[in-house]
Amino acid sequence: MKKVMIFLAMFLSLGMLGNRANAQVRVNINIGSQPVWGPVGYDYAQYYYMPDIDAYYSIQRQQFVYLQGNRWVFGATLPPSYHYDLYRGYKVVVNDPDPWLRADVYRQRYGHYKGWYGKQSIIRDSHDAKYARGNDHGHDRGRGNDHGDHGDHGRGHGHDNR
């Protein structure tokens, strides 16, 4: 009887440890949902901030967030007046909820990245196996043009605001 009690206690202890380990291992990865024009180096990203046009892209919603008059609006594409090249324009990874509600903070913090065209590696041009896809989830939206900068400039210049 004593051996059965010891075995049962060990079994329950191991079960509790296993549950604790499972609860602590939570990794957010959304590599497959990031657009091909997004910056490399991030397993997870909620938004991209584009300092050149003072707009955001919601990865989860697959929509742009931009100012129209005095309002922030969501749209599947950028308005034609933006003339923005998604493949060459610099994108800052932002992992804060609704960053446009604090737009002044992001303008001040990342405004110096304006004009950094082609200085950031993008997912489309990466040779990293984690970005390989069986089907293209390119989210090739907006007014972006494919000018094909294949350089590896600016690796690691994105920002993760956790």
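Observations
- Residue match in region 129-150 (condition: modelled with pLDDT of 85 or more, loosely packed, with under 15 Cβ neighbours inside 10 Å and not in a loop (DSSP other than H, G, I, E, B)): no
- Residue list for region 48-65, filter: more than 18 Å from residue 119 (Cβ to Cβ) and either surrounded by fewer than 24 Cβ atoms within 10 Å (Cβ to Cβ) or at pLDDT below 95 (or both): 54, 55, 58, 59, 60, 61, 62, 63, 65
- Scanning region 66-78 for residues that are part of a loop (DSSP other than H, G, I, E, B) and at pLDDT 95 or above yields 76, 77, 78.
The values are calculated or read from the model by the stated rules, or taken from the named source; none is laboratory data. Bear in mind the structure is a predicted one, so any value in this text is a computation, not a measurement. Positions of Cβ are generated from backbone atoms using ideal geometry, with glycine treated the same way; all protein chains shown enter the neighbour counts.
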